[in-house]
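Take a look at the structure set out below.
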């Protein structure tokens, strides 16, 4: 072993390629880091979507219970201020583009007016990948100021009041 070390001690033929080897290793290492960051970001977004699905299930469950219990406030009567309502915290993460309570997107994907009375019990949301998920609820949803409009949320944190209201046409859940 000592003879081997003494024999190649003065041999510097591999030293010329050493900077190129370091550069190649640095480039490969940088590519691995970029791929890892992208994979981690996508994993984080997928985890956000999974957590959001659970949070949305909680909101939907509470709204369904309130809807089935009854006790709606009559919005046609300004003196009626008694009704069933509950306040909860609701977070829409950045991985979700839009959440709509009470309608489905139509062919042009821009119209969100509730055209069919059968759509008022739908909840849909679109993820960052453009995937649309639809949930059927036992509650009917509508906007408080215009019962023909759905309730729409974009990414953010909300403290929602879930309220059961009625007008001359029907009873619905509104979120504000």
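Which condition does residue 124 not pass, out of (1) within 18 Å of the chain's Cα centre (by Cα); (2) free of Cβ contacts under 8 Å to residues at least 12 places away in the same chain, if it passes all the others?
(2)
Here is a list of conditions, (1) closer than 19 Å to residue 67 by Cβ; (2) part of a loop (DSSP other than H, G, I, E, B); (3) modelled with pLDDT under 85, and residue 111 meets all of them except one; can you say which number that is?
Condition not satisfied by residue 111: (1).
Test residue 49 against the stated conditions and say whether it is assigned to a helix (DSSP H, G or I) and within 18 Å of residue 100 (Cα to Cα).
Spelling it out, residue 49 is indeed assigned to a helix (DSSP H, G or I) and within 18 Å of residue 100 (Cα to Cα).
Are any residues in the stretch 67-107 part of a strand (DSSP E or B) and over 24 Å from residue 46 (Cβ atoms), and if so, which ones?
In the first step, residues of the stretch 67-107 are kept if they are part of a strand (DSSP E or B); the result is 73-74, 85-92, 96-101.
Within the stretch 67-107, 73, 74, 85, 86, 87, 88 qualify.
Name the single residue that is surrounded by the fewest Cβ atoms within 10 Å (Cβ to Cβ) among those in the stretch 124-155 being touching a helix residue (DSSP H, G or I) at 6+ places or on another chain (Cβ under 6 Å) and over 19 Å from residue 168 (Cα atoms). I'd like the intermediate steps shown before the answer.
Quick first cut of the stretch 124-155, residues touching a helix residue (DSSP H, G or I) at 6+ places or on another chain (Cβ under 6 Å) only: 127-128, 137-139.
Now narrow it down to the ones that are over 19 Å from residue 168 (Cα atoms): 127-128, 137-138.
Working: 127: 19, 128: 16, 137: 19, 138: 12.
Here the residue is 138.
The values are calculated or read from the model by the stated rules, or taken from the named source; none is laboratory data. All values derive from a computational prediction rather than experimental measurement. Counting neighbours? That spans all protein chains shown, and the Cβs are built from the backbone with ideal geometry, glycine included.
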